[in-house]
1. Just to be sure before I move on: is Glu199 of a type in the set (Asp, Glu) and surrounded by fewer than 17 Cβ atoms within 10 Å (Cβ to Cβ) in the structure I sent?
2. Hey, which of the helices (runs of 4 or more DSSP H) in region 232-327, taking only ones fully inside, have at least 3 residues that are exposed (fewer than 14 other Cβ atoms within 10 Å of the Cβ)?
3. Considering only region 204-211, I want to know if a residue exists there that is without any contact (Cβ under 8 Å) to a residue 60 or more places away in the chain and either under 18 Å from the mean Cα position of the chain (by Cα) or buried (at least 18 other Cβ atoms within 10 Å of the Cβ) (or both).
4. Sort out which residues of region 266-297 are over 22 Å from Tyr179 (Cβ atoms), touching a helix residue (DSSP H, G or I) at 6+ places or on another chain (Cβ under 7 Å) and in contact (Cβ under 8 Å) with a residue 24 or more places away in the chain, and write them in order of number.
5. Just give me the residues in region 146-187 being basic (Lys, Arg) and surrounded by 18 or more Cβ atoms within 10 Å (Cβ to Cβ), in sequence order.
6. Just give me the residues in region 291-316 being of a type in the set (D, E, K, R) and out of contact with any Lys or Arg (no Cβ under 7 Å at 6 or more places or on another chain), in sequence order.
7. Can you list residue pairs whose Cβ atoms sit under 6 Å apart, with the first residue in region 25-47 being more than 12 Å from Leu307 (Cβ to Cβ) and the second being part of a strand (DSSP E or B) and charged (D, E, K, R)? Count only pairs 6 or more apart in sequence or on different chains.
Amino acid sequence: MPSNKDENLMISGGAFDLGIIFAVTVDNLEFVSASTRSEDGEVTTTTKRIVLPEDSLKRPFFVKYPLFAKLVKLIRPPKSSSSFKDAARAYLKENNGKFDGEIDFYHDNSSHKKRDKFSNFMLIFVIFGLMPFLISLIIPIESPSILGVIESIIPTVLYLVLIVGSFKLIMGKKPMPKYHGAEHKAINTFMAKDPITYENIMKHKHVELQCGTNFASTLFLVHMIACVCFFFLFEIDSSIVRSLIRIISFPVVFMIITIIFRLTIFSKNMFARFIINTISIPGLWIQKTFMLVIPGQEEVEVAIAGLNAITDLMDEEGIRRDYHQDE
């Protein structure tokens, strides 16, 4: 019998110059699709059905306790779709934006993961360690509290401005922002249970709460505000100690924001919706203003192809969604 598992359903996506990738997770199953429009105008799609293993993560010893197990799952849910997304992007670049064969997403990307972890660590060190330390040397302020506040604000704001500005400069004239908008509209349509049609997709917003832009913006801004409040209340004379506090506190804030997003982003509770909508105001504004462009018919057609491919896979698995009827 078909089943409706909306309470355990999660959908995510990714956009790039050549198309859109979607991933829908239901319990331990993940359905992923990658769709693109080639230079000759043809829309092609490839799909995968993935069984997520229970032991897909190396978990700490204390997860044998139910409470800690749930906490770890909230912070680090299994995500095989990230490997699929990386492989799909590489495949499309090598094949001029067209799917002609099978995408092998079970490639060994351990070296890429190690490189990404090192890059992330260096980014955190530069933003929250090196830059504040240099600011303390340049700005002649004797008050540790005021200096700590300034050290917390300037690097974060500068980083967000550089990221958003560089994206706008590099991607402004490319199709990626339109595909990004189509991806968001399609996800919002899917979550609203509206039939996946061009008209329905176009009536939905092109901003989306679980977008990486929103998460990253919220994370950096909340961390900045937390550091500003801490250094305003507590005087710490050493700029090195202040930098260490920022570096150490960033993973803590990351875990807290991750848990808040996981618990509230798909919730129907009014209080939960209020929380996620409130903390996401800056991130959604950055999305709408700098990272997205309202898509046209070509981009929406690619999104429709990708979502339809996933719903076909879900139907084969016996997972049915009760769509609202068009009025």
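1. Values: of a type in the set (Asp, Glu): yes; surrounded by fewer than 17 Cβ atoms within 10 Å (Cβ to Cβ): yes.
Judged against the criteria, Glu199 is a match.
2. Working: elements: 239-264, 270-279, 281-286, 297-317.
Answer list for region 232-327: 239-264, 270-279, 297-317.
3. So in region 204-211, the residues without any contact (Cβ under 8 Å) to a residue 60 or more places away in the chain come out as 204-205.
Now narrow it down to the ones that are either under 18 Å from the mean Cα position of the chain (by Cα) or buried (at least 18 other Cβ atoms within 10 Å of the Cβ) (or both): 204-205.
The answer is yes; a qualifying residue exists.
4. Within region 266-297, Ile276, Ile279, Pro282 meet the criteria.
5. So in region 146-187, the residues basic (Lys, Arg) come out as 168, 173-174, 178, 185.
The answer is Lys178, Lys185.
6. Of region 291-316, the ones of a type in the set (D, E, K, R) are 298-299, 301, 312, 315-316.
The answer is Glu301, Asp312, Asp315, Glu316.
7. Correct list of pairs: Val43/Arg37.
Rundown of residues vs (1) of a type in the set (Val, Ile, Thr); (2) in contact with a strand residue (DSSP E or B) (Cβ under 8 Å, 6 or more places away or on another chain), yes/no style:
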{"site": "Ile138", "(1), (2)": "yes, no"}
{"site": "Ile141", "(1), (2)": "yes, no"}
{"site": "Glu151", "(1), (2)": "no, no"}
{"site": "Leu160", "(1), (2)": "no, no"}
{"site": "Met171", "(1), (2)": "no, no"}
{"site": "Ala182", "(1), (2)": "no, yes"}
{"site": "Met202", "(1), (2)": "no, no"}
{"site": "Glu208", "(1), (2)": "no, no"}
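Since every read-out is calculated from the coordinates, none of them should be taken as a lab result. These figures come from a predicted structure and were not determined experimentally. Glycine also receives a Cβ, built like all others from the backbone with ideal geometry; neighbour counts cover every protein chain displayed.
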